[in-house]
Amino acid sequence: EQDITLENHNVPRRVTVSSFYLDESEISNNHWCEYLYWTGRTYTDYPMIYKKALPDTLAWREKTANMEAYVEYYLRHPSYRDYPVVGVSWIQASDFCSWRTDRVNEFILIREGVLVMNPNQQNEPFTTDAYLAGQYEQGLNPYGQIPDLDPSKGGYDPTTGKFKSRNMSTRNVRMEDGILLPRYRLPTEAEW
């Protein structure tokens, strides 16, 4: 019906995007298997979360090609460990980005002494959003909080630059402290 040679819906134009970081390589099968392992171990009471994270291994199946070996082995066989993960939807990739953000920020807070390592995060794992909202308390290190330098709290004297007492007030890490990393995300169409 349409004469696509005369119509030009895709007008070329110049687009400017802000700077951003991009991974050096694709997410490999090994990374995805770590994500699956963590999800299955953490959400034992909610197996649907693990099932939702499984990639579609039937993406390899074609009518004209014999790709059954890929269907069977591509995701989990050690030979394909460093190959890019295949059969992942946009929603699954976004969930992986959220998971990765939380794991990296959790590692940073453990390294800085703010959190205590907690390998048994059954059904209530660390999330960056919950921590920043002050709702995550199960893994906090009572001696690893950041001193609150707000003079109205009474713990810090800005004139002398010293703490008034040993019972200084503390607070959670905030994004503006520069300790936590921003969210991992998928590139936009213009960035891609």
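Here's how it looks for Thr170: its modeled amide H is under 5 Å from those of Asp148, which are all 5 or more places away or on a different chain.
In nanometres, what is the gap between the two model label sites at Ser19 and Glu62, each 7 Å from Cα along Cα-to-Cβ? Inter-label distance under the simple model: 4.1 nm. Using the Karplus equation 6.51 cos²θ - 1.76 cosθ + 1.60 (θ = phi - 60°), what ³J(HN,Hα) coupling, rounded to whole Hz, does each residue of region 102-112 give in order, writing x for Gly and Pro? Ordered by residue, 3J(HN,Hα) equals 5, 5, 5, 5, 5, 4, 4, 5, 5, 4, 7 Hz. Distances between placed amide hydrogens fall under 5 Å for Ser28 paired with Val85, all partners being 5 or more residues away or on another chain. Amide H to amide H, with H built 1.01 Å from N, Leu115 comes under 5 Å of Ile110, Asn141, counting only residues 5 or more places away or on other chains. When the inverse distances between all different Cα atoms of region 24-79 are averaged and flipped, the Kirkwood radius reads 12.7 angstrom. Here the Karplus relation 6.51 cos²θ - 1.76 cosθ + 1.60, evaluated at θ = phi - 60°, turns the backbone of region 32-47 into coupling constants of 5, 5, 4, 4, 5, 4, 4, 5, x, 6, 7, 9, 5, 7, 10, x Hz, with x for every Gly and Pro.
A simple rule links phi to the HN-Hα coupling: the Karplus curve 6.51 cos²θ - 1.76 cosθ + 1.60 with θ = phi - 60°, which for region 173-182 gives 5, 10, 4, 6, 6, x, 8, 7, 8, x Hz, with x for Gly and Pro. Summing charges over neighbours of Glu26, with a neighbour being any other residue whose Cβ is under 14 Å away from its Cβ, gives -1 when K and R count +1 and D and E count -1. Legend: calculated FRET efficiency, Trp90 to Gln122, from the Cβ-Cβ distance at R0 = 25 Å, rounded to 0.05, equals 0.30.
Throughout, read-outs are computed from the coordinates displayed, never taken from laboratory work. In this text the structure is predicted, and so the values were computed from the model without any measurement. Positions of Cβ are backbone-derived with ideal geometry, glycine not excepted, and every protein chain shown enters the neighbour counts.
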